[in-house]
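The values are calculated or read from the model by the stated rules, or taken from the named source; none is laboratory data. For clarity, every value in this text was computed on a predicted model and none was experimentally measured. Note that each Cβ is placed from the backbone with ideal geometry, even for glycine, and that neighbours are counted across all protein chains shown. Side chains included, ligands, DNA and RNA excluded: accessible areas come from the protein's heavy atoms. Shrake-Rupley method; radii C 1.70, N 1.55, O 1.52, S 1.80 Å.
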Amino acid sequence: MNLCCSSPMVPGSTLTEKADLLRDWGYDAIAVFQPFADWTPAVRREVAQLQERTGVRPVEFVLVDDIYGKAMSDDVDLRERCRAMYRESASVCAEIGAVMEIEFEYGAQDPLPLFDVHRQLSAAQSDAFVEFYAEMLGLVAGTDARVLLEPINRYESGYLNRVSDNLRIIEAVDHPNAGLLPDLFHMSIEESDPVQALRDGGDRIVHVHLGDSNRLLPGDGHLDWPGIIDALRDVGYTGSLNLECSTNGDPAVTLPRTAAYLRELIGS
């Protein structure tokens, strides 16, 4: 397993500056969450050349904007703008061999789902999402890129909150570039046993997001990190462990400290 950190967590005005810091702080890779409004051909070239320039590999690439998570919206214009942005992300991933993630929906839920939880997609919704997922996978077919499903907690998505829900979609689409992206923060809310849920994910797990139960850095909440790493090791996971959470203080202090903690757990 290798260590990765999300770009918004790292100081610096360019991706190169961020990657240089991560290398010095003990990280192998970077997950690029790039604002769509600032996406230019120059930034795309920087992403493509990042590993050569810094030694830090961009293993995840996502364009982000207010339209993110609206690929299944009933608003046709919003849906198509979101999908166009996703297609651009997929083209970058195909070029550099990175992963990206999609969800059925993403955004703050209103009203809050206090009692109506773990809602299931209707047959029509499921068929439509599988069709869209297959379209996205077709954009990266034959490359090392992957388009993954990330289970999101009930407060940020009305559907597909648990690992088991997403595995059903992955099995339905049946594509070699598909896979699962478990996020431990979301799992701490939705899974009765996050460690067992990782074991259930098994070889479908392609990429992992780390955040403790309070969305702080691993070790700052109450998740069982030794158990989590053991489960990933037991299912044969060898990919990236990507921090996607708050740095909880000065990143120049907390990110190197977290890298040391995680390296002790993974034994490297």
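Going by the structure shown, is ASP165 open to solvent by 30 Å² or more (accessible area, probe 1.4 Å) and not in a loop (DSSP other than H, G, I, E, B)? Here the answer is no, as ASP165 does not meet what is asked. Out of curiosity, is HIS118 crowded, with 19+ Cβ neighbours inside 10 Å, in contact (Cβ under 8 Å) with a residue 24 or more places away in the chain and either in contact with a Cys (Cβ under 9 Å, 6 or more places away or on another chain) or not in a strand (DSSP E or B) (or both)? In short, no. Residue check: ILE67 meets all listed conditions (1) closer than 17 Å to VAL10 by Cα; (2) in contact with a Lys or Arg (Cβ under 7 Å, 6 or more places away or on another chain); (3) open to solvent by 10 Å² or more (accessible area, probe 1.4 Å) but one, namely (1). Within segment 246-268, the set of residues being under 25 Å from ASP230 (Cβ atoms) and either modelled with pLDDT under 95 or hydrophobic (A, V, I, L, M, F, W, C) (or both) comprises ASN248, LEU255, ALA259, ALA260, LEU262, LEU265, ILE266, GLY267, SER268. Scan segment 52-63 and report the pairs whose first residue is over 13 Å from GLN34 (Cα atoms) and in contact (Cβ under 8 Å) with a residue 12 or more places away in the chain and whose second residue is of a type in the set (Lys, Arg) and part of a helix (DSSP H, G or I), with Cβ atoms within less than 8 Å and a gap of 6+ or a chain change. Taking only residues 6 or more apart or on different chains, the pairs are THR54/ARG23; GLY55/ARG23; VAL56/ARG23.
Each row is one residue, and each column tells you yes or no for (1) within 14 Å of the chain's Cα centre (by Cα); (2) in a loop (DSSP other than H, G, I, E, B); (3) without any contact (Cβ under 8 Å) to a residue 60 or more places away in the chain.
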position	(1), (2), (3)
ILE170	no, no, yes
ALA197	no, no, yes
ASP200	no, no, yes
LEU216	no, yes, yes
PRO226	no, no, yes
ASN248	no, yes, yes
LEU255	no, no, no
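Considering segment 82-109, and only residues there that are in a loop (DSSP other than H, G, I, E, B) and not charged (D, E, K, R), the residue that is nearest to ILE169 (Cα to Cα) turns out to be PHE104.
Within segment 22-31, not a single residue is out of contact with any strand residue (DSSP E or B) (no Cβ under 8 Å at 6 or more places or on another chain) and farther than 23 Å from THR247 by Cα. Consider segment 215-267 and keep the residues that are closer than 19 Å to ARG204 by Cβ and of a type in the set (S, T, N, Q). The one that is most open to solvent (accessible area, probe 1.4 Å) is THR238. When the test is whether a residue is part of a loop (DSSP other than H, G, I, E, B), touching a residue at least 24 places away in the same chain (Cβ under 8 Å), under 30 Å from GLY249 (Cα atoms) and hydroxyl-bearing (Ser, Thr, Tyr), SER157 passes it. Working carefully through the options HIS207, HIS175, HIS186, find the one that is closer than 25 Å to SER126 by Cα, touching a residue at least 12 places away in the same chain (Cβ under 8 Å) and either of a type in the set (Gly, Ala, Ser) or open to solvent by 30 Å² or more (accessible area, probe 1.4 Å) (or both). Only one candidate qualifies: HIS175. Please tell me if GLU191 is out of contact with any His (no Cβ under 6 Å at 6 or more places or on another chain), over 16 Å from LEU121 (Cα atoms) and open to solvent by 30 Å² or more (accessible area, probe 1.4 Å). Criteria met by GLU191.
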